[in-house]
Amino acid sequence: MTPAKDHRILTINSGSSSLKIALFVMGKKETLELSAHIERIGLSAGHFHIKDGEGRTIAEEHPHLPNHDTALNRFLKWLQKRKTHLDAVGYRVVQGGLHYDQPELITLQMERALAKLEPLDPDHLPLELKAIKTVRRLYPDVTQVACFDTAFHRHMPTVAQQYPLPRKLWRDGVRRFGFHGLSYEFLIHELASVAGAKVARGRVIIAHLGNGASMTAIRGGKSVDTTMGFTPTGGLMMGTRSGDLDPGVMLYLLREKGLSSSALSDLVNKRAGLVGVSGTSSDLRVLVAQSESNPHAAEAIELFCYEAKKNLGALAVVLGGLDTLIFTAGIGENMPAIRRRICQHLEFLGIRLDPKRNERNAAIISLADSPVTVRVMKTNEELMIARHTRDLVGSSASVKSRRAGKQGRTR
Ligand code: ADP
């Protein structure tokens with residue numbers, strides 16, 4: 001058997017003020033070669049930090065990075081100086097609209113289709129499309145692949161996608177898309193590998209609790225409902241995003257407070273959630289440290305846990321019961337006190353935490369006789385993108401060689 005060819009794959013994940021980039025060698029083994037976190041884009045001093053596969057810093061600077069394009073250019077030039085060969089680049093594309101339900105090779109036709117979706121996600125899609133063009137300019141021959149954060153939820157039951165709005169808006173694509181799909185997909189594969197396919201096909205809720213936070217109900221390995229909606233602003237309370245609000249609140253702010261649509265967007269995306277309620281920070285670790293002295297920080301934590309618990313209950317009802325609960329992302333993986341508060345008094349749902357295991361972030365944090373197995377799992381959206389990209393590069397190479405073969409025969 002010929003060994004699988006190694007592919008050098010770069011993954012690019014554009015956040016609203018950050019870029020997360022990783023370089024993998026994907027062959028028989030999946031090896032992280034380096035990861036770059038470029039943060040504080042658009043602020044006075046940016047943070048450009050590159051680490052090798054073992055987590056050792058190999059470059060760190062604080063340049064002024066006025067926008068994402070400058071940041072990406074800087075990184076790609078750094079890469080070119082090291083004469084790094086790339087086979088392919090995979091992107092996290094936050095919104096795939098109605099059409100894209102799986103990763104695809106990027107073509108000019110796709111870029112045009114995604115440009116039409118920009119109004120659905122004006123904070124991310126323009127950045128993602130710009131990144132694709134920048135990479136093409138500096139690495140003109142490299143294969144590019146789009147991995148959609150909405151794809152995992154694209155085939156939820158209609159009832160989970162529908163909003164109670166006039167039919168025309170449904171046809172126009174106003175519906176629950178759901179996000180964090182690459183994280184959910186990665187974790188459901190991981191669950192199958194650590195606990196077996198039968199467990200991964202059971203009734204699972206994954207709580208992805210980071211700065212952005214959402215929860216998804218999964219059955220038979222597929223998303224059946226999720227908390228985020230038409231945009232990633234909906235659902236749970238988050239670091240800076242409000243999550244679900246009564247639509248009347250938005251109307252009141254527009255009509256009575258005279259907020260423009262961009263001021264309203266700024267309010268619900270950047271000034272709400274934990275930072276809005278606490279008045280101090282969007283970072284839950286900071287709020288926990290403040291909670292003794294700052295009652296608003298304590299209230300923000302309480303509301304965060306309350307909303308997570310309420311949504312967990314709703315999704316368990318959707319599934320008709322629960323077999324596995326998974327906590328993931330910055331808060332889910334590292335904050336035992338938050339997991340404890342979310343799971344408190346949920347024995348009636350079959351959730352019984354083991355306090356000691358919870359305290360040490362063990363892989364399984366429920367008691368041996370708990371009807372629901374509660375797990376802490378590390379998510380890895382970058383690796384999921386690299387896997388999809390490798391699969392598509394492999395198939396595009398075989399299509400190219402089949403085409404070359406056919407051309408050869410006709411000549
Ligand atoms: P995102 O990827 O959505 O920006 P993260 O998954 O990094 O967010 O989560 C950030 C949140 O997790 C913050 O509220 C932070 O306080 C909390 N957190 C707690 N412990 C850790 C940790 N050890 N590492 C990273 N984030 C942590």
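The values are calculated or read from the model by the stated rules, or taken from the named source; none is laboratory data. Bear in mind the structure is a predicted one, so any value in this text is a computation, not a measurement. Methodologically, a virtual Cβ is constructed for each residue, glycine included, from the backbone with ideal geometry; neighbour enumeration extends over all protein chains shown. With ligands, DNA and RNA removed, areas are computed over all heavy atoms of the protein, side chains included. Shrake-Rupley method; radii C 1.70, N 1.55, O 1.52, S 1.80 Å.
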Subject >> Evaluation of Leu114 against (1) modelled with pLDDT of 95 or more; (2) open to solvent by 10 Å² or more (accessible area, probe 1.4 Å) (one fails), failing number >> reply: (2)
Original post:
Does Val288 satisfy the criteria of being more than 16 Å from the ligand (Cβ to nearest atom) and at negative phi?
Top reply: no
Subject >> In the stretch 322-349, the residues that are more than 16 Å from the ligand (Cβ to nearest atom) and either open to solvent by less than 20 Å² (accessible area, probe 1.4 Å) or out of contact with any Leu (no Cβ under 9 Å at 6 or more places or on another chain) (or both) >> reply: Leu322, Asp323, Thr324, Leu325, Cys343, His345, Leu346, Glu347, Phe348
Original post:
Do the conditions hold for Thr31, that is, is it assigned to a strand (DSSP E or B) and of a type in the set (Val, Ile, Thr)?
Top reply: yes
Subject >> Residues that are assigned to a helix (DSSP H, G or I) and free of Cβ contacts under 8 Å to residues at least 12 places away in the same chain, drawn from the stretch 134-149 >> reply: Arg136, Arg137
Subject >> Sole residue being surrounded by 13 or more Cβ atoms within 10 Å (Cβ to Cβ), modelled with pLDDT under 95 and not in a strand (DSSP E or B), chosen from Ser396, Ser370, Ser401 >> reply: Ser396
**OP:** Consider Ala316 carefully, then state whether it is away from the ligand (no atom under 14 Å from the Cβ) and either free of Cβ contacts under 8 Å to residues at least 40 places away in the same chain or open to solvent by less than 60 Å² (accessible area, probe 1.4 Å) (or both).
**Re:** yes
**OP:** Could you list all residues from the stretch 8-24 that are more than 15 Å from the ligand (Cβ to nearest atom) and of a type in the set (Lys, Arg)?
**Re:** Arg8
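Take the stretch 122-165 and flag every residue that is of a type in the set (Asp, Glu), farther than 17 Å from Asp101 by Cα and buried (at least 16 other Cβ atoms within 10 Å of the Cβ).
Once the filter is applied, which keeps residues that are of a type in the set (Asp, Glu), farther than 17 Å from Asp101 by Cα and buried (at least 16 other Cβ atoms within 10 Å of the Cβ), the stretch 122-165 yields Asp123, Glu128.
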Original post:
Which residue, of Asp283, Asp266, Asp225, is open to solvent by less than 40 Å² (accessible area, probe 1.4 Å), under 24 Å from the mean Cα position of the chain (by Cα) and acidic (Asp, Glu)?
Top reply: Asp225
